[in-house]
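Written below as structure tokens is the structure these notes are about.
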Amino acid sequence: MARCLGSEPLALIEGSTIPGETRSLLRVTDFSRSEIEELFDVATRLKKERANGVSHRLLEGKTLGMIFRKSSTRTRISFEVGMFQLGGMAVFLQDKNLQMKRGESVADTAKVFSRYLDAILLRTYDHSEVEELAKETSIPVINALTDKYHPCQILADLFTIKEKKGSLDGVKVVYIGDGNNVANSWLLGAALMGVNLTVITPEGYGADPEIVAEAKLMASKTGAVIETGTDPALGVQGAHVLYTDTWVSMGMDAEADIRKKAFAVYQLDEALIKLAEPDVMVMHCLPAHRGEEISAGAMDGPNSVVWDEAENRLHIQKAILLKLLGGK
Ligand code: CP
Ligand code: NVA
């Protein structure tokens with residue numbers, strides 16, 4: 001069985017790695033704070049080396065199976081290219097072409113995968129599916145997005161903020177929009193790394209209350225200030241980062257019209273940017289919908305760092321792959 005760190009706040013912050021054990025990344029807190037800081041250092045080095053034409057064979061002979069039950073642009077490409085740049089190979093598996101789609105269980109699939117592959121990545125709907133995969137296999141499992149969490153995204157986002165600001169200390173991030181998988185992961189990631197976070201959503205669309213409570217408990221140990229609210233103008237005061245995501249996540253298309261009405265005054269736009277700190281960074285996990293969760297002016301304006309943020313998926317995920325697959 002692949003192991004995750006669990007959810008005891010102190011273990012998460014300090015880490016408790018057993019040498020030689022199989023590790024997985026199902027939630028951002030499956031790494032400790034110091035391990036995430038190490039990931040940032042490795043990603044910084046890999047990014048510089050890539051720019052200087054240094055190539056690597058650190059994962060030579062290693063394979064990553066990538067199962068996608070939902071669409072993807074960034075996650076698929078960055079993991080596939082990342083494995084290639086480290087000397088390994090990624091195998092893209094669309095669920096419609098797997099026997100899983102015809103009823104083969106996750107458990108049986110997991111057992112077979114561990115005989116061929118060195119790690120598995122899964123993008124799916126129900127978070128319990130990545131948990132089951134990790135339970136049933138002896139190789140690392142990477143959550144490439146579920147309805148509940150998107151850990152690789154938040155690690156790339158935190159890395160981007162650290163890279164741009166030099167430090168995460170004292171940074172205030174304001175997430176505005178839907179209390180979805182990205183918001184849930186932001187809550188855990190910010191609480192763990194000591195980043196102040198305010199999550200602003202319409203009434204009835206807040207983040208998972210259990211995750212908010214878990215984040216607040218962790219924040220009481222790390223010193224982060226975690227807040228939730230419904231008033232965008234109030235929430236953005238003092239923001240160093242303004243962050244948003246789609247109002248209609250994958251699998252929610254039937255609710256699109258009702259959601260667009262409920263979220264209409266929650267757009268990240270130039271008026272909100274003016275209320276934040278003068279050098280506020282605008283971030284979005286992408287894909288973006290200009291005119292919905294973000295205005296074209298905010299998305300393409302001088303405060304936007306969305307393309308650097310997207311690029312950093314590649315660098316941080318290479319660091320994650322090295323950590324989980326044992327490369328140096
Ligand atoms: N941000 C993100 O995960 O993008 P994709 O859905 O394109 O992978
Ligand atoms: N919340 C979005 C993120 C896409 C990367 C979704 O789940 O569709």
Among the candidates Ala90, Ala134, Ala110, which residue alone is touching a residue at least 12 places away in the same chain (Cβ under 8 Å), of a type in the set (Gly, Ala, Ser), in contact with a strand residue (DSSP E or B) (Cβ under 6 Å, 6 or more places away or on another chain) and open to solvent by less than 10 Å² (accessible area, probe 1.4 Å)?
-> Ala134
Can you pull out the helices (runs of 4 or more DSSP H) entirely within the stretch 68-185 that have at least 2 residues that are more than 16 Å from ligand 1 (Cβ to nearest atom) and among the polar types (S, T, N, Q)?
-> 106-116
Residue hits (the stretch 242-267; open to solvent by 40 Å² or more (accessible area, probe 1.4 Å) and either in a strand (DSSP E or B) or of a type in the set (A, V, I, L, M) (or both)) are Met250, Met252, Ala254, Ile258, Ala264, Val265
Quick one: in the stretch 76-119, of everything that is polar (S, T, N, Q) and within 24 Å of Gly251 (Cβ to Cβ), which residue is modelled with the highest pLDDT?
-> Ser78
Filtering the stretch 292-314 down to residues that are in contact (Cβ under 8 Å) with a residue 12 or more places away in the chain and away from ligand 2 (no atom under 16 Å from the Cβ), which residue is farthest from Thr201 (Cα to Cα)?
-> Asp308
Complete set of residues in the stretch 184-206 that are within 16 Å of ligand 2 (Cβ to nearest atom) and either within 17 Å of Asp30 (Cα to Cα) or surrounded by fewer than 24 Cβ atoms within 10 Å (Cβ to Cβ) (or both) | Asn184, Ser185, Trp186, Leu187, Leu188, Gly189, Thr201, Pro202, Tyr205, Gly206
Just for the stretch 277-328: of the residues that are farther than 18 Å from Phe159 by Cβ and in a helix (DSSP H, G or I), which one is most open to solvent (accessible area, probe 1.4 Å)?
-> Asp300
State yes or no: is Leu64 at negative phi and part of a strand (DSSP E or B)?
-> yes
Output the number of the condition that Val212 fails; it satisfies all remaining conditions of (1) open to solvent by 10 Å² or more (accessible area, probe 1.4 Å); (2) closer than 14 Å to Leu26 by Cβ; (3) β-branched (Val, Ile, Thr); (4) in a helix (DSSP H, G or I).
-> (2)
Output the number of the condition that Thr222 fails; it satisfies all remaining conditions of (1) over 29 Å from Ser72 (Cβ atoms); (2) open to solvent by less than 20 Å² (accessible area, probe 1.4 Å).
-> (2)
Matching option when the condition is out of contact with any Lys or Arg (no Cβ under 7 Å at 6 or more places or on another chain), closer than 28 Å to Gly189 by Cα and among the polar types (S, T, N, Q), among Ser71, Ser114, Ser55, Ser105 = Ser71
Restrict the check to the stretch 120-131 and report whether at least one residue is on the phi > 0 side of the Ramachandran plot and at pLDDT 95 or above.
-> no
Hey, among the residues in the stretch 202-258 that are within 16 Å of ligand 1 (Cβ to nearest atom) and free of Cβ contacts under 8 Å to residues at least 12 places away in the same chain, which one's farthest from Gly179 (Cα to Cα)?
-> Asp253
With criteria (1) open to solvent by 50 Å² or more (accessible area, probe 1.4 Å); (2) farther than 26 Å from Ser167 by Cα; (3) of a type outside the set (A, V, I, L, M), Lys274 comes up short on (2)
Residue satisfying all of: in the stretch 66-84; surrounded by fewer than 19 Cβ atoms within 10 Å (Cβ to Cβ) and more than 16 Å from ligand 2 (Cβ to nearest atom); farthest from the chain's Cα centre (by Cα) among these | Phe84
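The values are calculated or read from the model by the stated rules, or taken from the named source; none is laboratory data. Please read all numbers here as calculations on a predicted model, not as lab measurements. Here Cβ is always computed from backbone atoms with ideal geometry, including for glycine, and neighbour counts include all displayed protein chains. To get the accessible areas, we keep the full protein, side chains included, count just its heavy atoms, and leave off ligands, DNA and RNA. Shrake-Rupley method; radii C 1.70, N 1.55, O 1.52, S 1.80 Å.
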